[in-house]
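The values are calculated or read from the model by the stated rules, or taken from the named source; none is laboratory data. Only a predicted model underlies this, so the values are computations on that prediction, with no experimental measurement involved. Cβ placement follows ideal geometry from the backbone for every residue including glycine, while neighbour counts extend to all protein chains displayed.
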Amino acid sequence: MSIDFYWRLPTHGCHESLRHSAYDRGDWSPVKAGNVAPGLNRNGEDDGYRYIDHLAEIAKAAEASGFIGGLIPSFPNTDDPWVISPLLARETKSFRFMIAFQPGFLNPVQAARMSATLQRATGGRTVFNIITGGGGPSQLWWGDSFAHDDRYGRTTEFLDVFKGVWREQGFDYKGRFYQVENGGLAPLLAAEEIPEIWFSGSSEAALQSAAKHADYYLSWLEPFDQLGDKFARVKERTAALGGEQKCAVRVDLVARATEEEAWHDIRAGFENVPEDTRRRLGGQATDSVGASRQAALRPSEVKRYDELIVAPNLWGGFNLLRGGPALGIVGSYEQCAARLDDLIARGADAFILAGTPHLEEAYRVGEEVLPLLGRRAEALLAAE
Amino acid sequence: MTIDIYWQLDTAAEPARGERSRHRRIASIAREVRTATQGRFDYYAQIAQGAAQTAFDGLFLPHREEADDSLIVAAALAREVQRLALVAQFPASVGSAVYAAKQAVSFQRATGNRLGWAISPDADIAARAGGADHVREEELGARAEEFLAVARGVHGESPFSFTGRHFEVQGGGFEVPLNRAAFPQVFFEGHEEDELDLSARLADVHLFRDTSFPVLRERIETLDAAAARHGRTVRFGLIQEIVARETGEEARAEARRANVSQHALVGDYAAVADELAARVALGISHIILIGSPSLTEVYRSGQHVLPRLRARLTETRQAA
């Protein structure tokens with residue numbers, strides 16, 4: 001059994017520590033002394049480095065420390081993964097670029113052209129995290145006005161066309177959203193491998209789409225038994241629909257030499273969160289089922305960091321310290337590895353891990369946690 | 001007026017060079033050590049370096065349905081050449097205008113505003129149907145217009161809303177820091193009336209190609225007047241094939257051998273530079289040079305034609 005470990009490229013800036021919420025890496029904060037990419041040079045002027053230079057450092061750290069690649073998220077105020085990936089293609093060696101992407105945003109044939117070209121630029125290092133959830137006002141920001149179930153229908157058709165023109169010359173398609181007559185990628189481009197496709201989304205509409213097109217089903221971390229049940233359900237449901245689904249978990253880690261050190265960082269970070277931020281725990285309105293599942297974990301008011309410990313080494317307050325999901329793993333290197341092993345035993349076939357700061361933590365997790373993996377998973381699997 | 005000089009990096013040209021699947025096997029007595037990671041993009045990178053090392057201002061990457069995507073190639077080269085502008089050509093059928101603008105802004109932020117957008121002429125109806133593009137012929141101009149209105153809108157305004165026939169946005173618009181990047185310079189091309197009319201309203205730069213000196217002069221005057229009627233100024237560019245050699249005889253022999261366009265500029269280095277300078281005098285401010293093989297000719301043009309052209313332009317300015 002072989003498990004793929006991805007890291008993450010933070011596309012909305014990064015910070016030097018979870019203890020402080022200010023983004024001091026990247027220009028999402030004002031340029032000042034102590035910031036990087038851009039920062040100030042010895043004369044107090046903008047030093048000319050850009051955030052992409054820092055992302056390049058993170059990608060190189062991830063590939064050097066044993067990660068197979070990294071997720072590149074996409075939101076309205078982030079840099080875009082379709083641009084970041086080719087920008088970093090030639091200065092990385094093995095790093096796979098996992099592009100987070102909403103199918104409605106590109107013409108599917110153009111998306112296939114761009115993907116095949118990126119495959120050629122990278123030697124086949126493109127992966128997709130197809131996103132369909134979200135919805136409401138945030139979709140209209142992107143100029144996309146589809147209702148939820150319609151969007152899964154469109155995702156399915158998008159991938160039908162994306163793969164169809166890649167695999168077949170003279171490709172014809174008559175869908176509700178897309179029609180193609182006598183399509184087909186240029187032979188030079190079609191010779192490339194179709195990128196692996198990762199899917200998210202917990203609704204029935206999502207699972208139907210996943211069964212047809214996804215290689216991996218990606219979930220945020222949930223309480224372990226709940227997640228294990230979800231993976232089992234996904235594998236069962238997609239198998240019934242004629243697909244085969246590997247499962248993956250996206251989770252942040254605070255891994256330290258001792259558990260005490262790890263919780264010390266969490267506590268310091270929690271105590272630096274302003275009270276009004278804590279009150280906003282409910283998050284923003286969205287019709288995403290996955291987001292609702294996470295929201296259910298968040299108590300409306302918490303006074304102490306340890307009220308958010310939902311299970312051993314599981315903390316539900318990460319969204320207070322940085323954007324993204326609430327639940328993450330906190331512990332010693334051994335404990336973090338054991339928790340990942342627990343997840344492998346519950347059906348996880350791959351991971352997207354992350355820690356703050358992303359550059360330094362890529363080395364730490366790669367050097368201290370990844371080598372400890374597998375012991376518990378093997379024992380658990382053997383006991384089954 | 002600054003003249004920007006670009007080299008055309010054509011992903012469809014010399015299709016075998018650097019292509020792994022088409023490598024000629026070297027003789028079996030020679031040890032083969034090339035790895036799977038070497039490929040076509042290394043050749044693109046060499047052309048880009050060639051242009052950078054010989055003082056070109058940028059690269060122009062034409063849209064080629066049968067070859068690598070220009071936007072991906074431009075991004076893959078951007079960090080290898082720190083100074084060159086990268087003008088990537090693509091059709092207005094790529095998808096969401098908001099998303100195109102978002103990608104452009106990321107490119108600009110990472111490269112110090114070196115991206116240019118060249119909107120390519122729309123493909124014919126069969127090619128469009130093969131590309132999942134079913135906008136009707138008579139709507140293509142409107143689609144291009146809306147594409148740019150939305151892309152420029154989300155870049156320049158927040159909140160931005162737009163309801164058109166092809167694009168719709170509600171509460172859009174980029175925030176700090178994304179909105180600090182410059183919008184890419186927008187290039188259009190064509191010689192037809194409707195193409196000139198579109199450029200009069202939308203283009204920063206209009207590109208002409210493969211035409212005679214008198215036609216070029218006439219088209220520049222037409223577009224200049226049309227743009228003025230819209231209260232705008234459009235700059236003019238020329239995509240120009242050249243065959244420049246040490247002597248005119250050698251150049252003409254090469255032109256005969258390679259069977260170049262009848263409008264290619266063929267001559268010794270000084271003669272080609274003079275012809276280009278004459279077109280600058282007509283109002284051309286963006287020159288995109290084409291030559292083949294690309295790496296050989298980018299060095300030759302950069303080393304021999306560009307210095308002579310720039311010297312001519314300096315003399316002209318001083319005389320004026």
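A few points about this structure:
- Every residue from segment B:158-172 that is more than 8 Å from chain A (Cβ to nearest Cβ), over 23 Å from A:Val31 (Cα atoms), touching a residue at least 12 places away in the same chain (Cβ under 8 Å) and not aromatic (Phe, Trp, Tyr): B:Pro159, B:Gly164, B:Arg165, B:His166
Rundown of residues vs (1) modelled with pLDDT of 55 or more; (2) in a helix (DSSP H, G or I); (3) surrounded by fewer than 18 Cβ atoms within 10 Å (Cβ to Cβ), yes/no style:
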| position | (1), (2), (3) |
| --- | --- |
| A:Ala262 | yes, yes, no |
| A:Ile266 | yes, yes, no |
| A:Val273 | yes, no, yes |
| A:Ala285 | no, no, yes |
| A:Ser292 | no, yes, yes |
| A:Pro299 | no, no, yes |
| A:Asp306 | yes, yes, yes |
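- Candidates are the residues of segment B:143-156 that are charged (D, E, K, R) and surrounded by fewer than 18 Cβ atoms within 10 Å (Cβ to Cβ); the one that is farthest from the other protein chains (Cβ to nearest Cβ) is B:Glu145.
- Scanning segment A:75-92 for residues that are crowded, with 24+ Cβ neighbours inside 10 Å and polar (S, T, N, Q) yields a count of 1.
- For A:Trp166, the conditions (1) out of contact with any Phe, Trp or Tyr (no Cβ under 6 Å at 6 or more places or on another chain); (2) within 11 Å of chain B (Cβ to nearest Cβ); (3) at pLDDT 95 or above are fulfilled apart from (2).
- Enumeration of residues in segment A:227-253 that are among the small types (Gly, Ala, Ser) and surrounded by 14 or more Cβ atoms within 10 Å (Cβ to Cβ): A:Gly228, A:Gly243, A:Ala248
- Identity of the residue in segment A:119-150, assigned to a helix (DSSP H, G or I) and modelled with pLDDT under 95, that ends up farthest from the other protein chains (Cβ to nearest Cβ): A:Asp149
- The set of residues in segment B:240-257 that are surrounded by 21 or more Cβ atoms within 10 Å (Cβ to Cβ) and hydrophobic (A, V, I, L, M, F, W, C) comprises B:Ile242, B:Val243, B:Ala244, B:Ala251.
- Residue count for segment B:111-141, restricted to those that are under 18 Å from A:Tyr173 (Cα atoms) and among the small types (Gly, Ala, Ser): 6
- Residue match in segment A:215-229 (condition: of a type outside the set (Gly, Ala, Ser), in contact (Cβ under 8 Å) with a residue 12 or more places away in the chain, touching a Pro at 6+ places or on another chain (Cβ under 7 Å) and part of a strand (DSSP E or B)): yes
- Matching residues, segment B:15-28, being away from chain A (no Cβ under 13 Å) and over 27 Å from A:Phe95 (Cα atoms): B:Arg24, B:Arg25, B:Ile26, B:Ala27, B:Ser28
- From the options A:Ala22, A:Ala59, residue that is more than 10 Å from chain B (Cβ to nearest Cβ), part of a helix (DSSP H, G or I), out of contact with any Lys or Arg (no Cβ under 9 Å at 6 or more places or on another chain) and at negative phi: A:Ala59
- Which listed residue is closer than 28 Å to A:Gln179 by Cα and in contact with a helix residue (DSSP H, G or I) (Cβ under 8 Å, 6 or more places away or on another chain), from B:His134, B:His191, B:His155: B:His134
- Of the candidates B:Val205, B:Val135, B:Val215, the single residue that is of a type in the set (Val, Ile, Thr), touching a His at 6+ places or on another chain (Cβ under 9 Å) and under 21 Å from A:Ala111 (Cβ atoms) is B:Val135.
- Residues of segment A:7-30 that turn out to be surrounded by fewer than 18 Cβ atoms within 10 Å (Cβ to Cβ) and either within 24 Å of A:Gly69 (Cα to Cα) or of a type outside the set (Lys, Arg) (or both), as a count: 7
- Taken together, the residues in segment B:1-28 that are among the charged types (D, E, K, R) and exposed (fewer than 14 other Cβ atoms within 10 Å of the Cβ) amount to 3.
- Residue match in segment A:35-49 (condition: of a type outside the set (Ser, Thr, Tyr), within 13 Å of chain B (Cβ to nearest Cβ), touching a residue at least 12 places away in the same chain (Cβ under 8 Å) and in contact with a Pro (Cβ under 6 Å, 6 or more places away or on another chain)): yes
- In this structure, A:Ala248 does not satisfy being touching a Ser or Thr at 6+ places or on another chain (Cβ under 9 Å), under 30 Å from B:Ser21 (Cα atoms) and hydrophobic (A, V, I, L, M, F, W, C).
- Within segment A:179-202, the residues that satisfy the criterion of being touching a Phe, Trp or Tyr at 6+ places or on another chain (Cβ under 6 Å) and more than 14 Å from chain B (Cβ to nearest Cβ) are A:Ile194, A:Ile197, A:Trp198, A:Phe199.
- Among all residues of segment A:203-210, there is at least one that is in a loop (DSSP other than H, G, I, E, B), away from chain B (no Cβ under 14 Å) and either in contact (Cβ under 8 Å) with a residue 24 or more places away in the chain or in contact with a Lys or Arg (Cβ under 7 Å, 6 or more places away or on another chain) (or both).
- Any chance B:Asp57 is acidic (Asp, Glu), over 24 Å from B:Ala127 (Cα atoms) and modelled with pLDDT of 95 or more: yes
- Scanning segment B:130-142 for residues that are within 13 Å of chain A (Cβ to nearest Cβ), touching a Gly at 6+ places or on another chain (Cβ under 9 Å) and either part of a helix (DSSP H, G or I) or free of Cβ contacts under 8 Å to residues at least 12 places away in the same chain (or both) turns up B:Gly130, B:Ala132.
- When residues of segment A:25-51 are limited to those that are part of a strand (DSSP E or B) and hydrophobic (A, V, I, L, M, F, W, C), the one nearest to A:Phe270 (Cα to Cα): A:Val36
- The residue pairs whose first member lies in segment A:100-118 and is facing chain B (nearest Cβ under 7 Å), whose second member is of a type in the set (A, V, I, L, M, F, W, C) and part of a helix (DSSP H, G or I), and whose beta carbons are closer than 6 Å, counting only pairs six or more residues apart or on different chains, are A:Pro108/A:Phe158; A:Pro108/A:Val161; A:Pro108/A:Phe162; A:Val109/A:Val165; A:Met114/B:Ile72; A:Thr117/B:Ile72; A:Leu118/B:Ile72.
- Residue within segment A:66-82 that is at the interface with another protein chain (Cβ under 8 Å from one of its Cβ atoms), of a type outside the set (D, E, K, R) and in contact with a strand residue (DSSP E or B) (Cβ under 7 Å, 6 or more places away or on another chain) present: yes
- Number of positions in segment B:272-312 that are part of a helix (DSSP H, G or I) and farther than 21 Å from B:His206 by Cα: 22
- Scanning segment A:178-189 finds no residues that are modelled with pLDDT of 95 or more, over 26 Å from B:Glu65 (Cα atoms) and crowded, with 20+ Cβ neighbours inside 10 Å.
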